[in-house]
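Below is one structure, written out as structure tokens; comments come after it.
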Amino acid sequence: MSDLAISEVTPITRRSTPPEIRPQSAGRILIIDDEAAIRESLETLLHLEGYTVVVAGTGREGLAQIGERSFDVVLLDLALPDKNGMEVLADIRLLHPQQAVIMITAYGTVENAVRAMQSGATNFIQKPWDNEKLLADVRAAVARQKAEEENVQLKRALKQRYNFEHIVGKSEPMLKIFDLVAQVAPSRSTVLLQGESGTGKELIAKAIHLNSTRRDRPFVPVNSGSTPADLLESTLFGHVKGAFTSAVTSKKGLFEVADRGTLFLDEIGTMTMDTQSKILRVLQDRKFMHLGGVQEIQADVRIIAATNVDLRQMVREGKFREDLFYRLNVISIDLPPLRQRREDIPLLVHHFLKKYSDENELPLRNMSLEALRPLVSYSWPGNVRELENTVERAVVLSSGTEIGVDLLPDHVVGRGSAVPAMDASPGATLFSIVEDCERRIIIDMLERCSWNQTEAAERFHVPLSTLNQKIKRLSIEIKKKNREIA
């Protein structure tokens, strides 16, 4: 229950803009507070300012409202009967990462409000509040929300204008990539896509092709890593009859198949130095020859290359040609891993739910809020591809329309990786037991995050400086591990 007595509700002693000249709605506000008097007071005050107001008495009721419609601002009490306000804030962030939320806190709990702001709240107001300050805070939050929404709408319009087939995302990193794709697509410049496996490099390459002047010509993907080295050159450049033992007929290469189109060279870092030199010649002279041939063939092909390794490091190690790297790296696009754009995870989950419900001829499946939480907090070393496989599995195994936590893999939810039992030896004190437990919890989280302290701090919902202080105080040795790329 709320820790504010009814008598503490700030009275409304002023009337704002007369109804006859008030705009239809200054914005939509959701109030989540279990005290009826608080709700009524805030509702009356905001109505007089021209806002459309919806009220909820519990966290679950408020989350249900957010799931049904959009709001410019949510006024959220920290003390609720069914869920802690911080938990509700975390759930709101799952549903709508950019939602403006103003926390309501009683006197003496300001530190909780500050903690809430560190977890993503826009602002906080303290009971009993000053009406003018509250309205000023709400107006500022509504203005920021509308400005952000206008920016997102512009980006969405850009995405709709261009053909970004199957690319899902509204996070700032992805919107920047949409902008960049729209800029580079009309040119004939070579593009290098860099990012971990499963981040969608081929989708971006297709988007560049479909928005170029070559859109009506072939888009030809080549996975250099899965093609044996001795066959790759024949695959790319073709061969004449008798070029090697099994060449019983002449064959066109993919450079010819992709004529006036786009050739997508995936995992280009796996190519041999000899093949790299031949690719370099095509980029420099726009000509090549069949294996075993003597006639030069013109190559009107745009090359988009992709890699999940650090090509600069390979150049330093002498494993990749420096001149080829600079030819490929005319325009570079870095694709962020999924853990760096977590706000896109609910959108991706919905996209894959629809995709695999349709493919399996099932009614549309929905992911429960309880199941969505671990999906957002998991680090996804396999990126979007791993998330897609997880959702597909859940859809196939589901018997009802709602997918719960039980249908998610153990490693995603955290089952089977509990923190080891604490040390309760005869000489242990309460403080040493608590310290030992805290140390184990932090180590466990660091291991789940591949010892990425920034990611661990985000999942603990604490500042990085706080986590670093605890690591130092508990004498935790940080392990330097390279994250495996699936």
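Values in this text are rule-based calculations from the coordinates and carry no lab data. From a predicted model like this one, the values you see are computed outputs, not experimental measurements. Note that each Cβ is placed from the backbone with ideal geometry, even for glycine, and that neighbours are counted across all protein chains shown.
Points to keep in mind about this one:
- Note on segment 339-413: percent of Cα-Cα distances in each 10 Å bin, starting at 0 and stopping at the bin with the largest distance, equals 20, 60, 19, 0.
- Exposure proxy for Thr245, Thr227, Thr390: other Cβ atoms within 10 Å of each Cβ, ordered fewest to most, give Thr245, Thr227, Thr390.
- Of the GluC sites (Glu not before Pro) found in segment 217-325, those that fall in a DSSP loop while having at most 12 other beta-carbon atoms within 10 Å are Glu317.
- Estimated dipole of segment 339-413 in Debye, rounded to 20 [Cβ of Lys and Arg +1, of Asp and Glu -1, Cα centre]: 260 debye
- The chymotrypsin sites (Phe, Trp or Tyr not before Pro) of segment 58-142 meeting both criteria, a DSSP state outside H, G, I, E and B (loop) and at most 14 other C-beta atoms within 10 angstrom of the site's C-beta, are Tyr107.
- Neighbour-limited loop hits for trypsin sites (Lys or Arg not before Pro), segment 259-293 (at most 15 other Cβ within 10 Å; DSSP other than H, G, I, E, B): Arg260, Arg286
- Residues Phe244, Phe460 in ascending order of nearby Cβ atoms (within 10 Å, fewest first): Phe244, Phe460.
- Exposure proxy shown here: for Val294, Val168, the number of other Cβ atoms within 10 Å sets the order, fewest to most, as Val294, Val168.
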